[in-house]
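The values are calculated or read from the model by the stated rules, or taken from the named source; none is laboratory data. Here the structure is a predicted model, which means the values were calculated and not measured. As a convention, Cβ positions derive from the backbone with ideal geometry for all residues, glycine included, and neighbour counts pool all protein chains shown.
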Amino acid sequence: MVVCQAAAKPILACETLARIARETLDATGVAVAFYWPDGSPLEGAFEPLSPADDASRLVVEAVESSETRVEELCDRLVAAWPIRQRARTVLVAAAEWPLASSTDADSGRRLLAVVARAVCADIDRKIIQEESEATAEALAKSFEEVSLLHGLGKVLRVTQPVAELLERTCGELCETVGAEATAAYLPRVEDMGPETVIAGRLPFDASQLPGLVAHLLDDLGPEQTVVIINHCQEDPQLSAISIALERLVLVPLPLREGVSGALMAVNRSAGEFGSPDAKLVRSITSSAAVFIENHCLYRDLQRLMLDLMRALVSSIDAKDPYTCGHSERVAITCREVARRMNLSDKEAECAYMAGLLHDIGKIGTPEHILRKEGLLEPEERQIVHRHPVIGGHILEGIKQLEPIREAILHHHERLDGSGYPDGLRGDQVPLLARVVGLADAFDAMTSNRPYRPMLPFEHVKREIERNVGTQFDVRAVDALFSLDMNRLMRQFVERAAAPSGRTA
């Protein structure tokens, strides 16, 4: 195998590998160096062993055999062992131990074997640590952007549907200018629209509005920002639309991709439309355009965040084929339970996010434990029990996500105090954590697992109700079993079939 050093990149930074080599030398007296699979030394990751030819040859032999190679050379032992990631050798570590006499060979081999295991474990640990830190940093930066945009959205009402904004705008405009009717039209752009909103009574059929807007925009000059026509019947195309169409004012509403909609008022009862009316319509249209653009940006960023989180969650779910889709199902269940408990829309969305991210800490759980068929050993169970703490650490420091972080950290607590990680009791367990814990248990029992098939619904219901007050919150349980289960299952199927970028 030949690796081009100019294009290749080590699995860890060279300074990190050098630090591992230095710490190993200080702790054991064993010199460690790192090599590419083709036998060439990794520059910057400690000094290569000498003589170089012998070390490189042993490295290549280790790669070819996919196992550790140990060889006695004159007065020393040299070992090389492949370091694999995703079933591929990406690096080779080599070490040497001086031999004072031939009797030292056996003890030297044992020492080098211990060093090999320690170095591999240290590398795996640092890879997980770096991946966790990188993920936490990416999430923190992304969520800071969402939080900032959400703060602006409170002023701009970016969470309000575009149709509601246009209805309010048209209603207020109609009343202010004294028009017979006002209308807003948005053509289809990306996945938004087409949208037609009317206040008052148009003097023509609403189905003719798109054609009227297109006609007026086509006649709009490059420097024009408003159309005022106070003698519509003199225009053959306008008179053909309706003999009752007398006067109008129209302002283009710029959208994405160079497409424009329009906001218009027709038939002012007090007479002709003038400059003040045009200025008012133009001002309202500008505000609407800003809102729509912010609404689109907010939606895109929201989708980006959800896609980012779903991609992260999918990478975690992929470590365990038995839990594929588990986090999304838990998230949907959490949101539906929160709504049935009459929590606010914001709390319901927090419940969804907490459900989606509740197992994010499993990024630090080894795959062989997640994939194990059968019951876990006590030590393995302790490793799995660390995932809520790791998940809480990933989201630590993001103020706006504190309720979500708390739900993730405590979703395995029990009301009787026998849960983990902190043994909280009763009301000490955050409400969202209780919702997530219930949804997590519900999905686990209604899904196939390596140690048992999915349980019948009635069995699941009896088991959950049996643990009300000790493990599960009674309000959350009542809300869960008041849901339409067929509708809930359809949501699971629809979300699983949804293309990337589509929100749940």
Is one or more of the residues making up segment 246-266 in contact with a His (Cβ under 9 Å, 6 or more places away or on another chain) and not hydroxyl-bearing (Ser, Thr, Tyr)? yes
Could you check residue 373 against (1) touching a residue at least 40 places away in the same chain (Cβ under 8 Å); (2) of a type outside the set (Phe, Trp, Tyr); (3) part of a helix (DSSP H, G or I) and say which number it fails? (3)
Residues of segment 323-369 that turn out to be farther than 27 Å from residue 473 by Cα and buried (at least 23 other Cβ atoms within 10 Å of the Cβ), as a count: 0
Out of curiosity, is residue 432 surrounded by 13 or more Cβ atoms within 10 Å (Cβ to Cβ) and touching a strand residue (DSSP E or B) at 6+ places or on another chain (Cβ under 9 Å)? no
Give 422, 427, 443 a once-over and let me know the one that is in the same structural domain as residue 486 (by TED's automatic domain parsing), touching a residue at least 40 places away in the same chain (Cβ under 8 Å) and among the charged types (D, E, K, R). 443
Residue count, segment 254-295, condition within 29 Å of residue 202 (Cα to Cα), at pLDDT 75 or above and assigned to a helix (DSSP H, G or I), comes to 20
Is segment 216-224 home to any residue that is on the phi < 0 side of the Ramachandran plot, outside any loop (DSSP other than H, G, I, E, B) and touching a residue at least 12 places away in the same chain (Cβ under 8 Å)? yes
Tally time: how many residues in segment 1-20 are touching a helix residue (DSSP H, G or I) at 6+ places or on another chain (Cβ under 9 Å), in a helix (DSSP H, G or I) and at pLDDT below 85? 1
